[in-house]
Amino acid sequence: MTAPDPMTVPFTPPAPSTPPGPAPAPSPPALSCRGLGKRYGDVHAVQDVGFDVAPGEAYGLLGPNGAGKTTTISMLVGLLRPDSGHVRVCGVDLAADPMRAKARIGYVPQEIALYPELTGRENLRFFGRLFGLPRRELAGRIEEVLDLVGLMGRADSRVKTYSGGMKRRINIGTALLHRPDVLILDEPTVGVDPQSRKAILDGVEHLVGEGMSLLYTSHYMEEVERVCDRVAIIDHGRIIAEGTRRELIALVGSADKVELSLDGDVETALAKLRAVEGVIEAAMTGATSIRLLTEGGRHLLPALITAVDGCATVTATQVIEPDLEATFLHLTGSTLRD
Amino acid sequence: MWRALAAVGALELRTRLRDGTALVIALIVPVTLATLFSVALGGDDPPLRATVGFVDLDGGEFPASVRREVVGSQELKGSVTLRDLPGREEARRALDADEVGAAIVFPAGFSRSVGEGRGGDVAVLTSPESPLAGVVARAIVDRISALVDARTLAVRAVLKAGVPGDEVKEMVERNGAAGPSPALEDDPLSGGKVDLSVHYGSGMAALFAFFVVGASFRGLLTERKLGTLDRMRAGPLAVWVPFAGKAAVGFALALVSVCVTWAASVLVSGATWGDPPAVFVVLLAHVLAAAAITMLVTSRVKTDAQADGVIMVVSFVMAFLGGSLVPMHSLPGVLQAAALLTPNGWTSTALTELAGSGAGLAAVAGPVAVLCAITTVAGGLAVLGMKKGTLL
């Protein structure tokens with residue numbers, strides 16, 4: 001499969017929905033960027049990146065290593081000054097009023113950005129003070145966050161003694177201290193065990209469920225599929241497709257693969273299967289197996305089994321629906337873990 | 001914003017106390033070294049003694065009056081001994097053999113030359129083995145030079161006015177140009193005391209100021225490596241807060257370090273560094289310059305380990321060239337000139353002036369201005385580099 005020219009992939013940032021009749025002015029996106037660009041010498045790290053994250057929405061930025069995810073995030077949180085474009089956080093222009101805009105963001109960097117010699121509680125206290133939490137409120141908020149990330153029992157141990165998963169959790173908790181409107185997670189599960197990964201994803205889903213907006217970057221397809229309402233696929237510094245999971249999968253067509261295992265006259269069965277409405281293509285893949293390319297594969301199964309009745313018996317079936325991995329492969333010509 | 005600044009500063013101070021750099025590098029080591037050097041090489045017990053060779057090839061009134069003044073001086077009594085030597089070569093040999101610490105050579109015809117308005121040169125031979133004698137000899141010759149200059153000018157003026165040659169001397173002295181009698185009103189040994197006791201204290205203070213303030217800027221690179229710097233910069237605070245919080249603590253610790261070393265040196269050796277407000281201003285200017293230079297180093301390296309190495313090299317080179325380790329007068333001429341390229345050189349010059357002359361701030365305005373200029377240039381370059389390296 002060859003990658004299509006990214007420029008030819010239709011992508012338009014979503015237009016805000018317009019409810020019928022007079023209504024209060026819609027609240028601005030929790031996070032919005034337009035035309036973001038950054039170059040290092042001749043290398044365009046990020047080009048013309050733009051998207052909106054609605055209040056309470058979980059938005060995924062999916063792309064392989066080096067695609068420009070971290071550079072984009074660095075511009076979104078004010079660590080890098082973009083060469084072009086602008087960022088708004090809850091309607092506040094990041095360049096014009098960085099303090100107010102940054103106060104609405106909770107940024108979780110890819111690495112564990114904490115002081116290993118300090119305890120979890122001391123780290124939270126330091127960043128809480130730094131982010132302007134009133135002294136009276138800070139102690140209570142630290143307890144809340146420790147409870148939220150499940151580290152109440154280890155709060156007074158030095159961070160350097162934490163496991164990888166615990167470090168990740170306190171890393172996220174630090175970004176939640178000042179109750180941000182938007183949580184930006186840059187590859188939050190890199191290098192953690194499955195149990196901690198599950199805990200992190202559960203926690204993130206809980207936050208989104210409570211109304212927090214989320215920008216989630218990862219090169220783990222299954223995480224993005226699980227957590228995010230909408231996804232942008234970024235490659236070579238450009239967003240090449242954006243939409244809901246279903247919309248993105250539709251970009252590669254709706255054909256499903258159906259694998260059938262049969263006993264009996266397989267060749268006759270093949271001929272009968274080709275005649276079934278909805279079957280696009282059929283081929284023998286072994287002495288007792290046939291692969292079909294169909295539209296609506298799962299719903300077609302009863303018809304397929306009926307069609308071979310009399311000449312063969314279906315002993316096993318497998319329906320393979322297209323997923324984001326296939327979409328990504330289709331759009332970029334490479335796998336996510338390249 | 002001040003709360004965020006205080007939070008960064010408090011964490012930096014806590015880190016410096018916890019890792020020992022605040023106590024060990026800022027206080028214990030410089031004070032200990034300064035004390036050891038002062039006890040070993042400085043102080044008044046045993047009393048300072050110097051033998052100065054005296055070569056009189058002139059035989060005139062100038063050398064005779066100098067001899068009278070030195071021998072009769074109460075300040076020099078028991079400390080400085082004049083030893084007559086027949087010629088320059090003998091003086092050099094005596095110097096090499098450590099029989100004298102310095103020598104003053106009056107060339108033949110010196111008094112007549114001065115009397116005729118043509119001026120004259122008195123040579124001073126010194127040895128790095130005996131800086132005290134060198135300081136005394138130079139102090140004496142400085143007085144002679146001033147007299148010779150005044151006398152020469154007066155004689156020329158009188159001759160130009162048409163006064164006959166045999167009346168010039170009487171005319172000049174009657175009109176206020178002093179005769180050939182250098183008045184050693186101040187204690188020429190005070191310069192010797194500067195070099196031997198104050199020198200090492202101020203040298204250690206100047207050297208360790210670099211290490212102490214440099215550790216805070218190096219900490220910025222550590223924070224960048226940890227990712228905590230980015231986390232701070234992504235938060236709702238001004239981008240200069242992390243830098244300013246750490247810099248303020250580093251600067252304060254360095255200032256405390258130099259002041260404590262100063263106080264310890266005075267207490268141990270009993271020697272004064274000079275006018276306290278002026279000394280404080282010089283030390284303040286030195287710490288500022290050290291901060292700017294270590295900041296510049298930090299802005300040009302990539303890792304904290306690199307910063308450690310480069311700051312150490314820069315600090316020792318500045319200390320050596322600038323007279324913090326070896327007295328400047330003991331360095332070859334080229335290195336003495338190079339000292340003026342270092343903040344340590346200007347700090348040493350200023351502190352020597354204050355300790356030696358008892359002068360106030362006005363006397364060291366020049367060195368302080370140079371230190372401020374070094375701070376401005378190095379600091380400006382550092383800020384540009386730090387912005388580029390996302391440290392600021």
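The values are calculated or read from the model by the stated rules, or taken from the named source; none is laboratory data. This structure is a prediction, so every number in the text was calculated from the model and none was measured. For neighbour counting, all protein chains shown are included, and Cβ atoms are generated from backbone atoms with ideal geometry for every residue, glycine included.
Residues that are more than 17 Å from the chain's Cα centre (by Cα) number at least 1 in the following strands (runs of 3 or more DSSP E) confined to region A:224-338: A:255-264, A:279-286, A:289-295, A:312-320. Per the listing B:Ala263, B:Ala252, B:Ala247, B:Ala234, the residue uniquely more than 14 Å from chain A (Cβ to nearest Cβ) and buried (at least 20 other Cβ atoms within 10 Å of the Cβ) is B:Ala247. Could you look through region A:81-97, keep only residues that are surrounded by 20 or more Cβ atoms within 10 Å (Cβ to Cβ) and outside any strand (DSSP E or B), and pick out the one that is nearest to the other protein chains (Cβ to nearest Cβ)? Result: A:Leu94. Is it true that A:Glu259 is surrounded by fewer than 21 Cβ atoms within 10 Å (Cβ to Cβ), over 20 Å from A:Ala30 (Cβ atoms), outside the structural domain of A:Gln47 (by TED's automatic domain parsing) and touching a strand residue (DSSP E or B) at 6+ places or on another chain (Cβ under 6 Å)? The answer is yes for A:Glu259.
Could you tell me whether region B:222-231 includes any residue that is more than 14 Å from chain A (Cβ to nearest Cβ) and crowded, with 24+ Cβ neighbours inside 10 Å? No: region B:222-231 contains no residue that is more than 14 Å from chain A (Cβ to nearest Cβ) and crowded, with 24+ Cβ neighbours inside 10 Å. Check region A:201-215 and report whether any residue there is surrounded by 19 or more Cβ atoms within 10 Å (Cβ to Cβ), within 11 Å of the chain's Cα centre (by Cα) and modelled with pLDDT of 85 or more. Yes - at least one qualifying residue is present in region A:201-215. A:Leu185 meets the conditions (1) within 23 Å of A:Leu62 (Cα to Cα); (2) modelled with pLDDT under 90 in every case but one. The failed one is (2). Consider region A:128-169 and keep the residues that are in a loop (DSSP other than H, G, I, E, B) and within 14 Å of chain B (Cβ to nearest Cβ). The one that is nearest to the chain's Cα centre (by Cα) is A:Phe131.
Under the condition of being in a helix (DSSP H, G or I) and buried (at least 20 other Cβ atoms within 10 Å of the Cβ), the residues counted in region B:326-348 number 8.
Give the residues of region A:170-189 that are in a loop (DSSP other than H, G, I, E, B) and within 15 Å of A:Glu143 (Cα to Cα), sorted by residue number. Spell out how you get there, then give the answer.
We begin by selecting, within region A:170-189, every residue in a loop (DSSP other than H, G, I, E, B); these are A:177-181, A:187-189.
Within region A:170-189, A:Leu177, A:His178, A:Arg179 qualify.
Within region A:188-243, the residues that satisfy the criterion of being within 18 Å of A:Gly68 (Cα to Cα), in contact with an Asp or Glu (Cβ under 8 Å, 6 or more places away or on another chain) and small (Gly, Ala, Ser) are A:Ser218, A:Ala232. Quick check: is even one residue across region A:149-160 touching a Phe, Trp or Tyr at 6+ places or on another chain (Cβ under 8 Å) and under 26 Å from B:Lys246 (Cα atoms)? Yes, some residue in region A:149-160 is touching a Phe, Trp or Tyr at 6+ places or on another chain (Cβ under 8 Å) and under 26 Å from B:Lys246 (Cα atoms).
Can you go through B:Ala108, B:Ala4, B:Ala91, B:Ala22 and tell me which one is modelled with pLDDT of 80 or more, part of a loop (DSSP other than H, G, I, E, B) and either more than 27 Å from the chain's Cα centre (by Cα) or closer than 30 Å to B:Leu237 by Cβ (or both)? Let's see the steps before the verdict.
Numbers: B:Ala4 fails: part of a loop (DSSP other than H, G, I, E, B); B:Ala91 fails: part of a loop (DSSP other than H, G, I, E, B); B:Ala22 fails: part of a loop (DSSP other than H, G, I, E, B).
Testing whether each residue is modelled with pLDDT of 80 or more, part of a loop (DSSP other than H, G, I, E, B) and either more than 27 Å from the chain's Cα centre (by Cα) or closer than 30 Å to B:Leu237 by Cβ (or both) leaves just B:Ala108.
Quick grid of which residues meet (1) acidic (Asp, Glu); (2) out of contact with any Phe, Trp or Tyr (no Cβ under 7 Å at 6 or more places or on another chain); (3) under 29 Å from B:Thr352 (Cβ atoms):
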| site | (1), (2), (3) |
| --- | --- |
| B:Gly219 | no, yes, no |
| B:Arg224 | no, yes, no |
| B:Trp262 | no, no, yes |
| B:Gly270 | no, yes, yes |
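Consider region B:341-372. How many of its residues are free of Cβ contacts under 8 Å to residues at least 24 places away in the same chain and in contact with a Phe, Trp or Tyr (Cβ under 8 Å, 6 or more places away or on another chain)? Going through region B:341-372 one residue at a time, the tally reaches 0. A:Gln110 meets all of the listed conditions (1) in a loop (DSSP other than H, G, I, E, B); (2) more than 9 Å from chain B (Cβ to nearest Cβ); (3) in contact with a strand residue (DSSP E or B) (Cβ under 6 Å, 6 or more places away or on another chain) but one, namely (2). Each residue in region A:269-299 was checked for being surrounded by fewer than 14 Cβ atoms within 10 Å (Cβ to Cβ) and either among the polar types (S, T, N, Q) or not assigned by TED's automatic domain parsing to the domain that holds A:Glu259 (or both), and 1 pass.
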